[in-house]
Each structure stands twice: as C-alpha cells, then as structure tokens.
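The values are calculated or read from the model by the stated rules, or taken from the named source; none is laboratory data. None of these values were measured; they are calculated from a predicted model. Cβ: placed from backbone, ideal geometry, glycine included. Neighbour counts: every protein chain shown. Just the protein is used for accessible areas: all its heavy atoms, side chains included, with ligands, DNA and RNA removed. Shrake-Rupley method; radii C 1.70, N 1.55, O 1.52, S 1.80 Å.
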Amino acid sequence: MESVIQVDGLVKKFGGTTALAGVDLVARPGAVLGLLGPNGSGKTTTVRVLATLLRPDAGCATVFGHDVVTEAAAVRGRIGLTGQYAAVDEALTGTNNLMLIARLLDLSRSAARARSAELVERFGLTEAAGRKVRTYSGGMRRRLDLAASLIGRPDILFLDEPTTGLDPRHRNEVWDSVRGLAADGVTVLLTTQYLEEADRLADDLVVLDRGRVIAAGTPASLKADIGGQRLHVRPLHRTDMSVVAAVVADLAPDQAAVIDTSGELVVPAPTPDLLRRVADRLEDTAVAVAEIGLRLPSLDDVFMTLTGRAPETEAA
C-alpha cells in the first residue's frame, strides 16, 4: 500500500542539541500513526518538520509525494494541524471561530457558514456554538480546535499531544473525535506520551527516544516482540520499594526490573511460580503489598523494555 507520509533519515539540530538524529517513518493512508515517547524525544519536532514549520538539517520527508521543503505550499494544501494547546479565540463564539478560519481559507461567506455549522454538529457543539469560547470546558475547546483544523478538509491531520492537561472524561471526548476522523478516511499522525492513548487509538506506532526511532510496528506486534508475562508489585509503603527490589533481584537475577513513576516494580516473569515465590518472601520479610500479580505485556512494558524507563519519567 502506498504511503502518504515518508520520512527518511530526518535530522534537526538546535545549537548543540540534536532533536532528531535520523528519524525514519511511514504513514499508511486512512490509518492513525502514533508517535510515542517522552518529552524531548523528538515528537513535536517531527510534526513541525512535516507541517513545513521547520526545515530539517538533513534527510527528507514527503507528504503525498510532495517534499516538505521544496514543495511546502503543496503540502500545506493537504494537511491540518492541531498543536498541544487549543488555538481558539476566547472572545469569539464557537461558530465565529470556525467562520474566521473558513474565511481565511477563502471560503465564501455562505460556504463558511455551512462548513462551520456542519463541524459544530459533528463535534457535538451545537448547544454551545453561540457562546463565547471562554465559557467552554477544556474538552469543548479541544473539540473546537479539532473542528477548526478540518475546515479545509485536510487529507492528513497532525495532532500534537491533543489531550495534554485534560481530565479523563474530556480525554475520552477527544479520543472519540479522533476515532471518527479515522473512520472517515482521514490519515492521523498523533503524538502522545500517554501509553493508554497510543494503545487505544493508533493503528501503527513509532517509538521515539532522544531523537531516534527505537521501535516501530502495530501495538500488538510491539507487545508480542517482548513476549511473556510481567510480574507487577506495588508495596503499600513506597519506603519498602528497596526491599521489594532486593527480593525480586534475588529470586529473578537474570531479569531486569524497572520501577515506574507510579511506584510499581515490573519484571519479566519467565515462570508463573515467580509470583508465589515473591509473595511468600515479602510476607516473610513483613512487607505489606498493595498490589501484586501477573499481566500480559502492555505498551508500558514495551517502552520500559526498550528504554529502561516509562515515558512519564523524563516528562516529570
């Protein structure tokens, strides 16, 4: 299947800092491609290059066959972009925000009004369309921002961490909107540091770390690559984590354990009896356990296996 985005050896430096160190990726038409990684991994820089907002120092990138440097105007005619923060005017109503974007894109007044009404209904903003945006919730602003990105009917939509700062309910609202876009055939390039978001939305994943691609594939294939079950242990008191780590290191000396930012130790479990042995040893040492169990690999496990830390670690 022909790719709609092709990136080969992309390099971008800011002074002495290398933001991209040879990134390669491909996006399939009508799919959601997730760029996963912590803050500073190169996700936003990649999007800005693809959206023709930054010139790469080396490598090349094309969108629908158009080079993002030499054919920037052609690229801009096919894409939409929603940044990390909602770019809407709080002093205008929802409808007026959309009308403004439509008119800037040279739609006639009647066409702008019709397109705005269509998107207001599509994103569930009909009742709020006549209100000023300053009265909107975070989720409503995000949905309005997505609607604004679609005024020009883009074939590709770049979503740069679209749910940053949203609570779980509003995050789910944005997720529903992204699913709807993909169902309509829009190719979506989604950057995120939220593993659950990537797992829920992405058809394909590219994992970035420190400006490099460290893994690529479907969520299912990445989980299958690391294989096996994982033992998860969360002590009741975080001060006991060193004891938990020592017990696990003694009982599974050949397995690399990782402690994530939520205070949970995760280690590959080559045999199911590791759970019982660790639980018995912790009981003998009088360590209270809040949670212990075996789970199949998650994207958290994928990232920790690849990098030795969870994505949130660097962000924190």
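Below, the figures for the structure above:
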item: Residues within region 196-217 that are under 18 Å from Val7 (Cα atoms) and without any contact (Cβ under 8 Å) to a residue 40 or more places away in the chain, tallied; result: 1
item: Asp57, sole failed condition from (1) in contact with an Asp or Glu (Cβ under 9 Å, 6 or more places away or on another chain); (2) open to solvent by 50 Å² or more (accessible area, probe 1.4 Å); (3) farther than 29 Å from Leu107 by Cα; (4) not hydroxyl-bearing (Ser, Thr, Tyr); result: (1)
item: Failed item in (1) under 23 Å from the mean Cα position of the chain (by Cα); (2) open to solvent by 40 Å² or more (accessible area, probe 1.4 Å); (3) under 23 Å from Asp145 (Cα atoms), with Thr46 passing the rest; result: (2)
item: Residues that are outside any loop (DSSP other than H, G, I, E, B), in contact with a helix residue (DSSP H, G or I) (Cβ under 6 Å, 6 or more places away or on another chain) and open to solvent by 30 Å² or more (accessible area, probe 1.4 Å), drawn from region 76-98; result: Thr95
item: Complete set of residues in region 12-39 that are crowded, with 16+ Cβ neighbours inside 10 Å and touching an Asp or Glu at 6+ places or on another chain (Cβ under 6 Å); result: Lys12, Ala31, Val32, Leu33, Gly37, Pro38
item: Counted residues, region 1-13 - those being among the hydrophobic types (A, V, I, L, M, F, W, C) and at pLDDT 95 or above; result: 4
item: Region 35-59 - residue that is in a strand (DSSP E or B) and modelled with pLDDT of 95 or more and, of those, nearest to Ser298 (Cα to Cα); result: Gly59
item: Filter result for the condition that a residue is of a type outside the set (Phe, Trp, Tyr), farther than 30 Å from Ala58 by Cα and either in contact with a Ser or Thr (Cβ under 6 Å, 6 or more places away or on another chain) or touching a residue at least 40 places away in the same chain (Cβ under 8 Å) (or both), over Leu251, Leu274; result: Leu274
item: Given (1) touching a residue at least 12 places away in the same chain (Cβ under 8 Å); (2) within 30 Å of Phe303 (Cα to Cα), index of the condition Arg131 fails; result: (2)
